[in-house]
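Please treat every number below as a calculation from the coordinates, not as lab data. Please read all numbers here as calculations on a predicted model, not as lab measurements. Methodologically, a virtual Cβ is constructed for each residue, glycine included, from the backbone with ideal geometry; neighbour enumeration extends over all protein chains shown.
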Amino acid sequence: MVVFARNDDLENFKEELNVSKLITGWQLGKGPCGPNCSKASIGKSTLPYRTLVERDNDEYFGNFTTDYKLQTVQAKQEIRLMNSIVKANMTETVIAVSENAQWEQELMTFSFELLQNTTHEDLK
């Protein structure tokens, strides 16, 4: 789910905020829940294990970018690297585990300010 908020309270001040909620699915024990993931992990944060794993491989759990185009006649598609922005304010919680089927799901929530003067900005 992506939610956009706009603050137009102040004259000539406009801020757009993207709030994203992303459900991820992993093979049990291979995702951010960690190797000891079980039904007892539901409701717990994944950030301690995620931080430990990402010390050795910053993109182990994925890579975040946006693509956008400036509002100019000859603008070309640009890419903005988002990993540090996402990781600076994200939360992530285990929401489901199936020990029989060997999978885990997490809910990740993060936000970032959209770039100004663009025709669009797509999160990838």
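Name every residue in region 67-121 that is under 19 Å from the mean Cα position of the chain (by Cα) and among the hydroxyl-bearing types (Ser, Thr, Tyr), in order of residue number.
Answer for region 67-121, where residues must be under 19 Å from the mean Cα position of the chain (by Cα) and among the hydroxyl-bearing types (Ser, Thr, Tyr): TYR68, SER84, THR91, THR93, THR109, SER111.
Quickly run through region 46-56 and pick out the residues that are within 14 Å of LYS87 (Cβ to Cβ) and either part of a strand (DSSP E or B) or among the acidic types (Asp, Glu) (or both).
The answer is GLU54, and nothing else.
So is THR72 assigned to a strand (DSSP E or B), surrounded by fewer than 17 Cβ atoms within 10 Å (Cβ to Cβ) and among the hydroxyl-bearing types (Ser, Thr, Tyr) or not?
no
Output the number of residues of region 23-45 satisfying the condition of being in a loop (DSSP other than H, G, I, E, B) and either surrounded by fewer than 18 Cβ atoms within 10 Å (Cβ to Cβ) or touching an Asp or Glu at 6+ places or on another chain (Cβ under 8 Å) (or both).
13
Being part of a loop (DSSP other than H, G, I, E, B) and farther than 18 Å from LYS39 by Cα is the filter here, so list the residues in region 77-118 that pass it.
Result: GLN77, MET82, MET90, LEU114, LEU115, GLN116, ASN117.
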